[in-house]
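Note sheet for the following structure.
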Amino acid sequence: MRLSKKTDYALRVLFTLVEHHGRGPIPIRELARRNDVPKRFLEHIMLEMKARGWVDSSPGKQGGYVLAKEPARITMGEVIRQFDGVLAPIGCVSVAHYERCNQEAVCRFRRILLDARNYVARLMDRATLAMVFLGAPVQTREVFAQEFSAGDGI
């Protein structure tokens, strides 16, 4: 699974709004600056999130965006599916975007990819914005931990 820029930007902004939850609106210009997101691209993302009921906006000089739902009621899975469509690594194990493969009856690695899909879906669907916000940022040493650094492309 690889997140698109759109999903990455949406998550960045959502976590900024989680951090400021209950303290009033943040202007879109400020959200774009803090999260290093092109403002024009962010405008489209914010419209999608508003349509989903995750954010709300208020016009004017003191206006901007706020969370419309409690952070504990929005999951990472919802956000990823909204912007990227699926969590499945390949089409033949996707529910929403299933693609038949002529090797399905004999494929040995499909089982592992289905297991990976199920694990990632459970993890993302349980991970609320509130819960994730409480976690510590990932340290570089964690990314390059010895037990996971043997394979290229990780």
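Values quoted throughout were computed directly from the atomic coordinates according to the rules given, and no laboratory measurement underlies them. Nothing here was measured: the structure is a model prediction, and the numbers come from that model. As a convention, Cβ positions derive from the backbone with ideal geometry for all residues, glycine included, and neighbour counts pool all protein chains shown.
Taking the chain as a Gaussian network of alpha-carbon nodes connected by springs under 10 Å, the highest mean-square fluctuation of the residues ALA72, ALA136, ALA51 belongs to ALA136.
Once the Cα-Cα distance is subtracted from the 0.36 nm per residue extended length, the GLU70 to LEU123 segment shows a gain of 17.1 nm. Provide, for q = 0.14, 0.18, 0.19, 0.26 Å⁻¹, the log10 of I(q)/I(0) from a solvent-free Debye sum over equal Cα point scatterers in the stretch 1-74. For the requested q values the scattering log ratios are -0.38, -0.64, -0.71, -1.37. Structural descriptor for the stretch 1-116: relative contact order 24 percent, calculated from alpha carbon pairs under 8 angstrom and at least 6 residues apart. Geometric descriptor of the chain, per residue, is 141 Å³ (volume of the convex hull of the Cα atoms). Placing +1 on each Lys and Arg Cβ and -1 on each Asp and Glu Cβ, with no other charges, gives the chain a dipole about its Cα centre of roughly 300 debye. Of LEU3, LEU17, LEU134, the sequence from fewest to most neighbouring Cβ atoms within 10 angstrom is LEU134, LEU3, LEU17.
Computed from label points 7 Å out along Cα-Cβ, the spacing between GLN146 and ALA51 is 5.0 nm. Would the stretch 27-68 count as rounded, prolate or oblate if I go by the C-alpha gyration tensor, calling it rounded below 1.5 in a/c and otherwise prolate when a/b exceeds b/c, oblate otherwise? Oblate.
Using R0 = 22 Å, the C-beta based FRET efficiency linking LYS39 and ASP84 works out to 0.50. Isolated cysteines in the chain, defined as those with no second cysteine Cβ under 4.7 Å, comprise CYS107.
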